[in-house]
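All remarks here apply to the structure that follows.
The values are calculated or read from the model by the stated rules, or taken from the named source; none is laboratory data. Only a predicted model underlies this, so the values are computations on that prediction, with no experimental measurement involved. Cβ atoms come from the backbone with ideal geometry, glycine included; neighbour counts cover every protein chain shown.
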Amino acid sequence: MSSRIEQLIDEIEEYIDSCKYQPLSNTRILVNKEEIDELLRELRMKTPDEIKRYQKIISNKEAILNDARTKAEALINEATVHTNELINEHEIMQQAYAQANEVVTLASRQAQEILDNATIEANNVRAAAVRYTDEMLANLENLIAQTINMTATHYESFINNLNGYAEVIRANRAQLYPHDVEDLLEGDGAGNSALNTDMLK
């Protein structure tokens, strides 16, 4: 089952994929600021909860170790009781003593194995939780960086397009007054200069 952060990342990716391209562009898209801000806001709110969830998983390491200690102590206590029962049998005291030592040794070895396995399991759980959290945060960091770069690119492209349109407009206005008309206006003398000036405005 995926976390809410993973779902939000998928929603942001789907939203970006659904955005329309800018006119005359196959790489730049138009992003609705309110929608992307809402998704990022929810992502920011959910991130602490997800991290707490993985911290809880990590804290289970102590529970695993405590359970292992309890089992080990119970095993040793059982061995001790069994040892006492054997020793109380006078007819086989020597045999009981040797067997009791074997039982205690075996119990101690098994208890140590339980503790070792529990420690390995707890460390694996912790490492997996940390690795998953780090991967999730790395994906989030990359997504935010891509969004920032995309916004900056769109703004620069918008300014460049406006400058291009301004150049086209200036060129079109210049074509309205060919050079031969300007020469004619200069030859008309001062009497028509005001009229010609108004026409050129």
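Quick look at the values:
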{"read-out": "Residue list for the range 148-178, filter: more than 42 Å from the chain's Cα centre (by Cα) and at pLDDT below 80", "value": "177, 178"}
{"read-out": "Residue under evaluation residue 36, criteria (1) at pLDDT below 80; (2) under 30 Å from residue 146 (Cβ atoms); (3) of a type in the set (A, V, I, L, M); (4) part of a helix (DSSP H, G or I), criterion not met", "value": "(1)"}
{"read-out": "Among (1) outside any helix (DSSP H, G or I); (2) hydroxyl-bearing (Ser, Thr, Tyr); (3) modelled with pLDDT under 75, the one test that residue 54 misses", "value": "(1)"}
{"read-out": "Exclusive hit being over 30 Å from residue 112 (Cβ atoms) and among the β-branched types (Val, Ile, Thr), set 51, 57, 64", "value": "51"}
